[in-house]
Amino acid sequence: MIKPLTSLRFFFAFCVFLSHLSYLKEDERYKSIFSNIFSEGFLGVSFFFILSGFILALNYRDKFQNKKITLKKFYIARFARIYPLYLVTMLISIPVLYSNFKILLYNFFLVQSYIPDQKYFFSYNAPSWSISDEMFFYALFPILVGISFKFKKVFKIMLLIMFVSLLIILNNILPKEKIHYWLYISPFTRIFDFILGILLFDLALYIKKKKISLHKITLTFFEIGSLAILAIFFLLHNNLPISYRFSIYYWLPMCLIILSATNSFITERNITWITKILSWKCFVYLGEISFGFYLIHYLVITYAHKYNGMGGIHLNGIPLALIMFSITLIASIFAYEIIEKPFNKKIKNLFS
């Protein structure tokens, strides 16, 4: 486990949480903050997809190459990691978000993101469309990592250029009403983010094998610089169509942040103050519960709006957001300790 990368997961999950506080735009005090800052929190999804490719390549590339893991064990491990909590949150969503049994089945089998209809991909626990995408990525990962291992750097660069070119073309030819699905939701295009993560791991591994000597000051500058580039991209985001922000716009800063957080992997030491802070136990634990935070936050927001004021106390604005954040955080801790960890072990033991 690369601790700084684990810690970063929580911060980007928090970005997604902010993007779902859409009720704030109805209040003149917070309308500008939501429209210009919070609403852009969907960028966290790009981070997760790229990171997913990177981490899977880190954990499984050598195992597949040396035949130390079977496809069965890999798929069981991935299923055990995400499905138990996913299923629980889906069931919790039914009382307030039920639509029909057909759509429920699509959610049960985690294929809702394959359907270009908002009634399907945003049904029940809406953020779980990305989990549907992830399952698609997992299914193809053994093939993708095998290709990544066999082909040379030139081919990988050409592949990346092809992906970028294809997404630019789609940005320019897709009808406006289809942009959101095909550039943000669809697993068939978001897999490019995942593949980018695999290629990014290849780059990190190349730097590691070359044993390039990087001074502590250089690494610190790189870490600060990557965060600064993300900040610049964020500040300028309104100057670019949202279609590009859905797809390739945040690729560069996300890749730089992930790469800068891997200096402990590349150098085998935690030598910068940023890396040391992100390796603190409290931040690492927040990263470990981030999957639960991501899956639970939308349900907390939904139920909070439904029952807000029933006890005679009606909250709104930032105070309501703080309450929802606190509930989500506490629920995520319980979910991690009571559902994620125990069922992960039970499923692996059951099928092994």
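The values are calculated or read from the model by the stated rules, or taken from the named source; none is laboratory data. The structure presented is a predicted model; accordingly, all values stated were derived computationally and were not measured. As a convention, Cβ positions derive from the backbone with ideal geometry for all residues, glycine included, and neighbour counts pool all protein chains shown.
List pairs: first in the range 1-30 and modelled with pLDDT under 90, second β-branched (Val, Ile, Thr) and crowded, with 22+ Cβ neighbours inside 10 Å, Cβ under 8 Å, 6+ apart or cross-chain?
Matching pairs, first to second residue: ILE2/THR262.
With the requirement that a residue be under 22 Å from TYR138 (Cα atoms) and either out of contact with any Ser or Thr (no Cβ under 9 Å at 6 or more places or on another chain) or part of a helix (DSSP H, G or I) (or both), what does the range 110-122 give you?
Let us first name the residues in the range 110-122 that are under 22 Å from TYR138 (Cα atoms), namely 110-116, 120-122.
The answer is GLN112, SER113, TYR114, ILE115, TYR120, PHE121, PHE122.
Kindly indicate which of ILE92, ILE55 is of a type in the set (Val, Ile, Thr), modelled with pLDDT of 95 or more, assigned to a helix (DSSP H, G or I) and within 26 Å of ILE248 (Cβ to Cβ).
Testing whether each residue is of a type in the set (Val, Ile, Thr), modelled with pLDDT of 95 or more, assigned to a helix (DSSP H, G or I) and within 26 Å of ILE248 (Cβ to Cβ) leaves just ILE55.
Right, SER243: at pLDDT 90 or above and touching a Leu at 6+ places or on another chain (Cβ under 6 Å) or not? Write out each step before concluding.
On the way: at pLDDT 90 or above: yes; touching a Leu at 6+ places or on another chain (Cβ under 6 Å): yes.
Judged against the criteria, SER243 is a match.
State all residues of the range 105-126 that are surrounded by fewer than 23 Cβ atoms within 10 Å (Cβ to Cβ) and within 17 Å of THR302 (Cβ to Cβ); if no residue qualifies, say none.
Scanning the range 105-126 gives GLN118, LYS119, PHE122, ALA126.
Can you run down the residue pairs with Cβ atoms below 8 Å, 6 or more apart or on separate chains, where the first is in the range 123-134 and at positive phi and the partner is part of a helix (DSSP H, G or I) and of a type in the set (Gly, Ala, Ser)?
These pairs meet every condition: TYR124/SER93.
Would you please name the residue that is nearest to ALA13 (Cα to Cα), looking only at residues in the range 46-104 that are of a type in the set (Ser, Thr, Tyr) and surrounded by 14 or more Cβ atoms within 10 Å (Cβ to Cβ)?
Looking at the filtered set, the residue picked out is SER46.
Could you please find all residues in the range 243-287 being part of a helix (DSSP H, G or I), out of contact with any Phe, Trp or Tyr (no Cβ under 8 Å at 6 or more places or on another chain), of a type in the set (Val, Ile, Thr) and within 21 Å of ALA231 (Cβ to Cβ)?
ILE274, THR275
How about the range 141-242: which helices (runs of 4 or more DSSP H) wholly inside it have at least 1 residues that are among the charged types (D, E, K, R) and over 30 Å from PHE34 (Cβ atoms)?
So the answer is 153-173, 187-210, 216-235.
Just to confirm my filter: which helices (runs of 4 or more DSSP H) fall fully inside the range 288-352 and include at least 3 residues that are crowded, with 20+ Cβ neighbours inside 10 Å?
Details: elements: 290-307, 317-335, 341-351.
Qualifying helices (runs of 4 or more DSSP H): 290-307, 317-335.
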